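Enquirer: After the structure tokens below, expect a handful of questions from me.
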Amino acid sequence: MAIDKELLDILACPKCKGDIRLNKAGDGLICDACNLLYEIKEDIPIMLIDEAVDLTKHPERRDPA
């Protein structure tokens, strides 16, 4: 089950309060401003800064351009 569009519209990055987007794989939410990936586990977005994947350290997790 994909993340609900209405939920995606109200979620914001907990670090910068900016916009987030669903990655192409559909298993995470990306904040381009912070270079963070918030994983989605069992259809629940894990919106904890300490649990986020730093995309500068893990560029393989970034969406291809």
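Here, each number is a calculation from the coordinates, and none is a lab measurement. These numbers were taken from a predicted model, which means no experiment stands behind them. All Cβ positions, even for glycine, are placed from backbone atoms using ideal geometry, and neighbour counts span all protein chains on display.
Enquirer: Working out 0.36 nm times the residue gap between I10 and A25, then minus their Cα-Cα distance, what length gain in nm do you get to one decimal?
Expert: 3.4 nm
Enquirer: Between N35 and H58, what is 0.36 nm times their sequence separation minus the Cα-Cα distance? Round to one decimal in nm.
Expert: 7.3 nm
Enquirer: In a shell of Cβ-Cβ distance under 11 Å around N35, excluding N35 itself, what net charge do Lys and Arg (+1) and Asp and Glu (-1) give?
Expert: With Lys, Arg at +1 and Asp, Glu at -1, the neighbours total +2.
Enquirer: Quick check: pseudo-label points 7 Å beyond the Cα along Cα→Cβ at I46 and K17, how many nm apart are they?
Expert: Label at I46, label at K17, 2.6 nm between them.
Enquirer: Here's another thing I want to ask about it. Taking every eigenvalue of the Cα gyration tensor of region 5-61, multiplying by 5 and rooting it, what semi-axes result, largest first, whole Å?
Expert: 16, 13, 10
Enquirer: Across region 46-60, in residue order, what do the Karplus-derived ³J(HN,Hα) couplings come to in whole Hz, using 6.51 cos²θ - 1.76 cosθ + 1.60 with θ = phi - 60° and x for Gly and Pro?
Expert: Values per residue, Gly and Pro as x: 8, 9, 10, 4, 5, 9, 6, 8, 6, 6, 6, 8, 10, x, 5 Hz.
Enquirer: Calculate the dipole size of region 5-61 relative to its Cα centre from +1 charges on Lys and Arg beta carbons and -1 charges on Asp and Glu beta carbons; express the result in debye to the nearest 20.
Expert: On the way: 8 positive and 12 negative charges, 39 e Å.
It works out to roughly 180 debye.
Enquirer: Based on the mean of other beta carbon atoms within 10 Å per residue, what is the order of 5-13, 37-45, 24-32, most packed first? List each step's numbers first, then the result.
Expert: Working: 5-13: 11.7, 37-45: 14.6, 24-32: 16.4.
Highest mean packing first, the order is 24-32, 37-45, 5-13.
Enquirer: List the aspartates and glutamates whose Cα sits under 20 Å from the Cα of K57, skipping any in the same chain fewer than 8 residues away.
Expert: D27, D32, E39
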